[in-house]
Amino acid sequence: MDNKFNLTREQNVFIAKRNIVDYIWKSANLEGIGVTYPETQAIYDGGIVNGLTVDQIIVINNLKYAWEFILENEEINYDISSLAYIHKLTCDKLVLENDLGKLRTTPVNIGGTTWKPEFPFESKIKKELASILNEPTKTKTEIAIEVMLWIMRRQIFIDGNKRVAMLFANKIMIDNGCGIISISQENQPIFLEKLIKFYETSDNSDLKKWIYDTSIDGIDLNNN
């Protein structure tokens, strides 16, 4: 699985900033936060939007702060501490304070399936994460996709796992100039259907290829 894009980090950051509202809008909707693109733009710009719940507005603002974090901080380790911090940013005021940045300690139910994830013990999480990140035969794009899917299936946190997973994966993508993972609105039902199958089987091959084929955004500025 080759890298689709070979950008500098600065080029990749430029692309991300140019499309940041679109990425936030898609990410929010992927987790069932029903906001429109204009509403997302207005919230991002600090405007007042009528007709939305407090939580919907908080989700957008939190995603804004989390994106700013991954774009403005290059020298950050890809580890459980970074995952925890991204969770704090994305879920601030949305989950209990004691759950922010903390590994889940209660069972969770996944909509659309009876499958239940095991509890995320820290030592095992660290080992699994390191194993994915340090695979020498895979490109950064493939590693980023695998890490994203692993976080989603592992359900490390009590809530917000898809948001955290995409942000963490995109930190890897952007730092290595590989583009940006973003699930389009029209593709989200397909993604969620494939995600359920991945949850139930632990086989990520079909979903990983589908994401690679349909959901990596970028422009090879070096060829312009």
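Springs between alpha-carbon pairs under 10 angstrom, Gaussian network model over the chain: which of T141, T201, T90 fluctuates most?
Looking only at T141, T201, T90, the biggest GNM fluctuation is shown by T201.
For D217, list long-range residues whose amide hydrogen, built 1.01 Å from N in the peptide plane, is under 5 Å from its own amide hydrogen.
Those qualifying (amide H under 5 Å, at least 5 residues apart or on another chain) are I180, I181, S182.
Relative contact order for region 126-224 using alpha-carbon pairs under 8 Å, separation at least 6, rounded to a whole percent? Don't skip to the end; give the middle numbers.
Working: 77 pairs, mean separation 26.0, N = 99.
For region 126-224, the relative contact order is 26 percent.
Please give the calculated 222 nm ellipticity per residue for the chain, where each DSSP H segment of at least 4 residues contributes -39500 (n - 2.57) and the sum is spread over every residue; nearest 500 deg cm²/dmol?
That calculation yields -17500 deg cm²/dmol at 222 nm.
Which entries in K17/K88; K17/K127; K17/K102 show an alpha-carbon gap greater than 25 Å?
Values: K17/K88 22 Å; K17/K127 33 Å; K17/K102 29 Å.
From K17/K88; K17/K127; K17/K102, over 25 Å: K17/K127; K17/K102.
Could you check the spin-label model distance between Y65 and T114? Points 7 Å from the Cα along Cα→Cβ, value in nm.
Taking the two extended label points, one gets 4.1 nm.
What is the calculated FRET efficiency for K93 to I48, with r their C-beta to C-beta distance and R₀ = 22 Å, to the nearest 0.05?
On the way: r = 18 Å, r/R0 = 0.81.
About 0.75, to the nearest 0.05.
Rule-based calculations on the coordinates, nothing more; no lab input. Here the structure is a predicted model, which is why all the values come from computation and not from measurement. Quick reminder, even Gly has a Cβ in these numbers, built from the backbone with ideal geometry, and neighbours come from all protein chains shown.
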